[in-house]
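For reference, the structure is listed below as structure tokens.
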Amino acid sequence: MKNISDRVTSGSPVLKYFFNRYVLFTLMFFLLIGIPATTYFSNLMTTLFIEIFEESSVAVVRASFQTLTGGEPIDQPLSGKELSTFDLFVKELKMHVDFQEINVWSVDGTLVYSSNPKEPVGERREIKGDFARALKNKQISEIESFSSKELESGTAKKETLEIYFPVHDLSEKRITNVLEIYAPLEPIQEIVSKARIAIGGFFIVLFFVVVIIGQTGAVMLTRKEESYEIEKNISHSLQDALTIIPKEMPGVILSFDYHSATEEARVGGDFYDVFRLDGNKVCFLIGDVSGSGLHAAIVAQEVRNTIRAYALESDSTAEIVDKTNVLMNKISDFSTMITLFFCVLDITSSTLKYCSAGHPPVILKRMGKENRYLSTFDMPIGTLPEIDYREEETRLEIEDVLIFYTDGIIEARRGKELYSDERLGKLIEGADSSNPKTLVNLVVDDVLRFSGSNLADDAALMVVKFVG
């Protein structure tokens, strides 16, 4: 246990708190739940056994009494031959029913027979309490305390079960007598005592089982945390590589920003890239992989490298994206989808060719003109193995600005309200675009202000100004 404790408590404060207090919490649970539960079930079993004893014993005594009397009432104290016959009846009855004393009362409250010679036979009692309820055709039982000398056997325990019940004639319509029997609780108490020990033992075993499970769980959590830390470090390295791009490129001015949803969720599937091709051409890529964590970071890196490789073979952005889709469908999980926008800018001719795979459109801001939204509106990569991607082309003017972004920007939330592409478009349309860095800061600050700095998803933003 010491080795387990050392291993666990050397981990995070959460695991240390969990392990150091787990046994204490389990013990408190045992004291607060286990002991009361044992008592409750013991009392429940006592009540159950008493009810079983009552039903079986009363049924036997009632039937035997009816048979002996022929269903006729006994109104006067028994004597002579009748008394001897009844004594023999009681002795035989004791062979079948465990009781210490039996009393027979007439309906007017006279004690007409008692197996205990000390009882005042012939004495009349008031018709009230349990006796009165028995005359109303009810069976009454309660546990009474008697000294060992008060009952016939002289060996009564302190607690004895006293039962009043009516006896009817053979037609079961008229009460002839009321019987009162005293039965020992010792046999029932012995059974319940054994049951209490068994239940208590169960909770003790349960306590140790829970402790062992807790220790095992703590070790597993520690291992999982260690694995998570390794995965997080690898993911961060991959994410950093995905968001590091050259600060300078011929013919353009660049600025970019990657903002995490939370510090813990820093590793997402957003990525962007800028690279140069022969012939004075510059490629721009932005994308978003579904999901998060190490898997999303690996897929994003694969897509980024695949685009770069196919860009060396083809001048068509549609062909490059199409080949990337075919490859990713073969090597990626079927549930993984990637949206991206890929374009190639020819600095010499000012021509921009682009292809979009389910990604938010790129905003083209031109001085004195309304925003233009660039997109081919094709499906994301990974949705189908074969998609006919299209390429569009436009010509840039000096001072034109391209704004690339992921859906973390436009899907930032304030309650149920989304930031929206409409709000982003209005912000950019009225903004000064002379400095890309200033424009990036303006957009990020507005999104964070809108969402209360609580982004629902990672957000990537890249601004490119064409200077020729």
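The values are calculated or read from the model by the stated rules, or taken from the named source; none is laboratory data. Since we're looking at a predicted model, the values are computed, not measured. No Cβ is skipped: glycine too gets one built from the backbone with ideal geometry, and neighbour counts run over all protein chains shown.
Which one of ASP457, ASP445, ASP400, ASP407 is touching a Gly at 6+ places or on another chain (Cβ under 8 Å) and either farther than 29 Å from CYS283 by Cβ or charged (D, E, K, R) (or both)? So that I can check it myself, show each step before the final result.
On the way: ASP445 fails: touching a Gly at 6+ places or on another chain (Cβ under 8 Å); ASP400 fails: touching a Gly at 6+ places or on another chain (Cβ under 8 Å); ASP407 fails: touching a Gly at 6+ places or on another chain (Cβ under 8 Å).
Of the residues listed, the single one that is touching a Gly at 6+ places or on another chain (Cβ under 8 Å) and either farther than 29 Å from CYS283 by Cβ or charged (D, E, K, R) (or both) is ASP457.
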Given (1) surrounded by 12 or more Cβ atoms within 10 Å (Cβ to Cβ); (2) part of a loop (DSSP other than H, G, I, E, B), index of the condition ILE398 fails: (1)
Criterion (surrounded by fewer than 14 Cβ atoms within 10 Å (Cβ to Cβ), under 25 Å from VAL299 (Cα atoms) and of a type in the set (A, V, I, L, M, F, W, C)) met by exactly one of PHE342, PHE404, PHE377: PHE377
Name the residues in segment 411-430 that are touching a residue at least 12 places away in the same chain (Cβ under 8 Å), assigned to a loop (DSSP other than H, G, I, E, B) and surrounded by fewer than 20 Cβ atoms within 10 Å (Cβ to Cβ), would you? GLU411
Could you tell me whether any residue of segment 459-466 is in contact with a Phe, Trp or Tyr (Cβ under 9 Å, 6 or more places away or on another chain), surrounded by 14 or more Cβ atoms within 10 Å (Cβ to Cβ) and of a type in the set (Lys, Arg)? no
Would you tally the residues in segment 337-353 being part of a strand (DSSP E or B) and under 35 Å from the mean Cα position of the chain (by Cα)? 2
Answer yes if at least one residue in segment 93-109 is at pLDDT 85 or above, aromatic (Phe, Trp, Tyr) and outside any helix (DSSP H, G or I), and no otherwise. yes
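I'd like the residue in segment 404-461 that is of a type in the set (Ser, Thr, Tyr) and under 21 Å from PHE342 (Cα atoms) and, out of all such residues, is farthest from the chain's Cα centre (by Cα).
Among those residues, the one meeting the criterion is TYR405.
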Residues of segment 347-371 that turn out to be buried (at least 19 other Cβ atoms within 10 Å of the Cβ) and of a type in the set (Asp, Glu), as a count: 0
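Yes or no, residue by residue, for (1) assigned to a strand (DSSP E or B); (2) modelled with pLDDT of 95 or more; (3) under 22 Å from VAL463 (Cβ atoms); (4) not charged (D, E, K, R):
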position	(1), (2), (3), (4)
LYS323	no, yes, no, no
SER335	no, no, no, yes
CYS355	yes, yes, yes, yes
TYR373	yes, yes, yes, yes
Condition test on TYR405, is it in the same structural domain as LEU352 (by TED's automatic domain parsing) and in contact with a Phe, Trp or Tyr (Cβ under 7 Å, 6 or more places away or on another chain)? no
Scan of segment 431-442 for residues that are outside any loop (DSSP other than H, G, I, E, B) and surrounded by fewer than 21 Cβ atoms within 10 Å (Cβ to Cβ), ordered by number: PRO436, LYS437, THR438, VAL440, ASN441, LEU442
